[in-house]
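One structure is given here, and the rest of the page talks about it.
Any read-out appearing in this document is the output of simple, stated calculations on the displayed coordinates, not a laboratory observation. Since we're looking at a predicted model, the values are computed, not measured. Glycine also receives a Cβ, built like all others from the backbone with ideal geometry; neighbour counts cover every protein chain displayed.
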2 protein chains.
Amino acid sequence: MEAAGTVRLSEQLRERIEENIVTGAYPPGTRLDEVELAETFGVSRTPIREALIQLSSEGFIEIRPRRGAIVAQIAPARLCEMFDVMAELEAMCGRLAARRAVAEDIKRIREAHAACQSARDANDPDTYYRLNETFHFAIYVASHNGFLAEQATGLHRRLRPYRRLQLRVRNRMNNSFDEHNAIVEAIARGDSDAAADILRSHVAVQGERFADLIASLASMHPDKTTDPTTAMRRSA
Amino acid sequence: MEAAGTVRLSEQLRERIEENIVTGAYPPGTRLDEVELAETFGVSRTPIREALIQLSSEGFIEIRPRRGAIVAQIAPARLCEMFDVMAELEAMCGRLAARRAVAEDIKRIREAHAACQSARDANDPDTYYRLNETFHFAIYVASHNGFLAEQATGLHRRLRPYRRLQLRVRNRMNNSFDEHNAIVEAIARGDSDAAADILRSHVAVQGERFADLIASLASMHPDKTTDPTTAMRRSA
DNA sequence: AGGAAGATTATTGTATACAAGATTTGCAAA
DNA sequence: TTTGCAAATCTTGTATACAATAATCTTCCT
């Protein structure tokens, strides 16, 4: 079974481009030129277009008819809406996980939690950020609702660049870890209401974290518009 | 046709094919042949492929590498998972709507509700089914969370064919309407907890409705399947 | 000099051609 | 009759060619 060969090229391209988006290599507003991408990846325009169409329906980019594709620029208000939904999905995962997690689920969650602790102790935000995802994904899986887990993973991924910035905020990593602690305990003792509530507020963007988000946003799309002159000015 | 000309062809095709899927014209398991579709719609394979790719990432169809696309066959277990998530999204919409709905939102909801009443009194399930969607969409909008409304609408649409069958069940239309009544009142008086709870149980597939769903599923994909064992069993 | 209109260029959208893998069909042997 | 294999056929995946629209540049007029 030639596993790699059976995968569609447009799929691989979608992954690679998506990776470049969520890591910030293609920041919001970046114009995605089809021929340029085709040359970069050494393929023709066809699979590139198919990849872009997928990214568009997943919300990562915006395709304006006859005017090309740009990396989605999410307005602050909409970002808050997305975090609100994310919080509710996480809460649901937590509630279900508290009810349905089996020993192995709990084990995976605890392991991910322990790994986070190491990163926190080492004061390594980048590693913590990565392990934090593992922790949350473990909870999604423990919900034993595959569809929910997929939805949560997808949205989590879309919010990845913004979440990353959040962890830079002073003490956020420590607070995050303490909250994780409470989450693990709630799930382990089967307290579904507590698990849901803690996860919801863990994810939600409220109070001062709202201001933090806005501030980090400003640092993210500094003045990127679709106007090429802006890029020129920046490079000058 | 100037106005229509500005819209991508693959977009229009996606809509038309999606419509054929959710209305049941292309039942689950149907093979979607690219050249056949191209001839049917009088276009080349390229826009057809782009439409199929979109439908795939929205979950309406399944593309197996080098083996073509089929209309998604959602297993009963997964369908339940999807309804569970739908229930939670609806609950969230209801909670927010109860808090944030303005006079005009309430007005639209009440109008949709009144329209449902007419269809119920006329004992017209098809019309009720259509107006029921309008009612729910009105609540999504009243949540004043655009992203949430989009997610809810998308999932609602995906579940459309299954929901439709549910309404055929004896008395489901009457029960549904009574529940709508309670929902409207909860939202109108700003009782967010009640709105969320009623909406959740209104949508959820629990108890006897679970059996109804399974039964209607059986009537839906009668013999169309990719699972060889099922085909063998049936042909025996 | 500034702006408008037309021409030019560049990029997207669609169609067709070609390549590669999967399915089917036909045939032979057990 | 059924099973295994191989050739033929059909379908998908990718590349290229062409068409149509948007962006840019030039030129001319005020």
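Of note:
- Taking chain B as a Gaussian network of alpha-carbon nodes connected by springs under 10 Å, the highest mean-square fluctuation of the residues B:THR40, B:THR30, B:THR153 belongs to B:THR40.
- Value of relative contact order over chain B, rounded to a whole percent, pairs C-alpha under 8 Å and six or more apart: 25 percent
- Arranged from fewest to most other beta-carbon atoms within 10 Å of their beta carbon, A:VAL141, A:VAL102, B:VAL203 become A:VAL102, A:VAL141, B:VAL203.
- Nearest-first distances (nm) between copies at A:GLU58, label 7 Å from Cα via Cβ: 1.7
- Relative contact order %, segment A:120-229, counting alpha carbon pairs below 8 Å whose residues are six or more apart: 24 percent
- The residue list A:VAL35, A:SER216, A:SER143 was ranked by how far each Cα lies along the charge dipole of the protein assembly as shown toward its positive end, using unit charges on Cβ atoms, and A:VAL35 comes out on top.
- Distances between copies at A:GLY24, taken between label points 7 Å from Cα along the C-beta direction, are 5.2 nm in increasing order.
- Only the Cβ atoms of Lys and Arg (+1) and of Asp and Glu (-1) were treated as charged; on that basis the dipole of segment B:7-73 about its Cα centre amounts to roughly 260 debye.
- Helix axis angle, A:146-158 relative to chain A longest principal axis, alpha carbon, degrees: 60 degrees
- Segment B:7-73: C-alpha gyration tensor shape, a/c 1.5 cut-off, then a/b vs b/c: rounded
- Of the residues B:ARG67, B:ARG99, the one with the fewest other Cβ atoms within 10 Å heads the list, and the complete ranking is B:ARG67, B:ARG99.
- Each Lys and Arg contributes +1 and each Asp and Glu -1, all at the Cβ; summed about the Cα centre of chain B, the dipole is approximately 460 debye.
- Principal axis extents of the Cα atoms in segment A:76-217, from largest to smallest and rounded to whole angstrom, are 41, 33, 22.
- Euclidean distance between Cα centres, segment B:53-105 to segment A:92-133, Å: 27 Å
- Segment A:43-82 - charge dipole about Cα centre, Lys and Arg +1 at Cβ, Asp and Glu -1, debye rounded to 20: 280 debye
- Positive-end ranking of A:GLN73, A:THR23, A:VAL7 along the dipole of chain A, with charges on Cβ about the Cα centre, is headed by A:GLN73.
- Sites B:SER118 and B:GLU58 - FRET efficiency at Förster radius 30 Å, r taken between beta-carbons, to 0.05: 0.40
- Inter-copy label distances at A:ALA215, shortest first and taken from points set 7 Å along Cα to Cβ: 6.0 nm.
- The angle separating the long axis of helix B:76-100 from the principal Cα axis of greatest extent in chain B is about 40 degrees.
- Residue order, fewest to most surrounding Cβ atoms within 10 angstrom, among B:ARG16, A:ARG14, B:ARG163: B:ARG16, B:ARG163, A:ARG14
- In nm, spacing of pseudo-spin labels at B:ARG209 and B:ARG110 (7 Å Cα→C-beta vector): 2.6 nm
- When the P(r) is computed for the protein assembly as shown, the part past 31 Å accounts for 50% of the Cα-Cα pairs.
- Whole-number percent relative contact order across segment A:60-164, with pairs defined as alpha carbons under 8 Å at least 6 apart: 30 percent
- Of A:VAL85, A:ALA112, A:PRO125, farthest towards positive along the dipole that unit charges on Lys, Arg, Asp, Glu beta carbons give segment A:70-183: A:PRO125
- Between A:GLU11 and B:GLU34, the simple spin-label model (points 7 angstrom out along Cα→Cβ) gives 1.5 nm.
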